[in-house]
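The values are calculated or read from the model by the stated rules, or taken from the named source; none is laboratory data. Since we're looking at a predicted model, the values are computed, not measured. Reconstructed Cβ throughout: ideal geometry from the backbone, glycine too, with neighbour counts over all protein chains shown.
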Amino acid sequence: MNLIMQNIAKHVSLTPEEELLFLSKTETKNYKAKTILLNAGEICKHSYFVNSGLLRSFTINDHIVEHVLSFACEGWWISDMYSLLSQKQGNLFIEVLEDAEVVILSKENQEKLYLEIPKLERFFRILTENSLVANQERLINNLSLSAEERYEKFCKKYPTLVLKIPQKQIASYIGVTPEFFSKMKSRLLKK
């Protein structure tokens, strides 16, 4: 069974016919590192599931500083949820960090699948709820924890990502400058 079907099976059971129908509504593509899948200001029309490789979503502020919102490695979904759900212009870029094979599901096909396979609506509701919970937890952590504590939580929660992601992007994700991050890591290593 391929990875995306294993991901779906964690939450809902599909018949072999439903699996084939689902897969017929997706497209699998390979992308090179540094490929931008979505630009800020565009309307997001797809969800992306990572079969292999690594992606990130980020925004750029008025001072040309990047702020990483999320990463997606093998077995994870990524999208600009605000834009995808509202069909309004989004604020996020989605970039391929390392060569990736990605399954693409269009908003249009996702809506069709809700009608043809109603349990997929439950699956995507669960994904959305999990994303909401994770974002709320991250917001609370950003408001209440020190940078060191946020980094330690990141390392515990995503141990494989720590080895794959450039330090400056981890710094951006936890909300500090690369310079501060470097000094902080030095302090942590001395402990």
Original post:
Right, SER57: of a type outside the set (D, E, K, R), under 21 Å from GLN136 (Cα atoms), in contact with a strand residue (DSSP E or B) (Cβ under 8 Å, 6 or more places away or on another chain) and modelled with pLDDT of 95 or more or not?
Top reply: yes
Original post:
Checking GLN110 against (1) at pLDDT 95 or above; (2) buried (at least 17 other Cβ atoms within 10 Å of the Cβ); (3) under 15 Å from the mean Cα position of the chain (by Cα), which test does it fail?
Top reply: (3)
Original post:
Within segment 28-58, how many residues turn out to be assigned to a loop (DSSP other than H, G, I, E, B) and of a type outside the set (Lys, Arg)?
Top reply: 7
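Filter segment 156-191 down to the residues that are of a type in the set (A, V, I, L, M, F, W, C), within 24 Å of GLU95 (Cβ to Cβ) and exposed (fewer than 13 other Cβ atoms within 10 Å of the Cβ) and list them by number. Please lay out each step first, then the result.
Narrowing segment 156-191 to residues of a type in the set (A, V, I, L, M, F, W, C): 161-163, 165, 170-171, 174, 176, 180-181, 184, 188-189.
Pick out the ones that are also within 24 Å of GLU95 (Cβ to Cβ) and you get 161-163, 165, 170-171, 174, 176, 180-181.
Within segment 156-191, just LEU163 meets the criteria.
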**OP:** Pick out, from segment 82-171, the helices (runs of 4 or more DSSP H) lying fully within it that include 1 or more residues that are closer than 26 Å to SER24 by Cα and without any contact (Cβ under 8 Å) to a residue 40 or more places away in the chain.
**Re:** 107-116, 119-144
**OP:** Restrict the check to segment 40-48 and report whether at least one residue is under 24 Å from LYS157 (Cα atoms) and crowded, with 17+ Cβ neighbours inside 10 Å.
**Re:** yes
**OP:** Answer with yes or no whether SER52 is surrounded by 13 or more Cβ atoms within 10 Å (Cβ to Cβ), closer than 26 Å to VAL162 by Cα and within 12 Å of the chain's Cα centre (by Cα).
**Re:** no
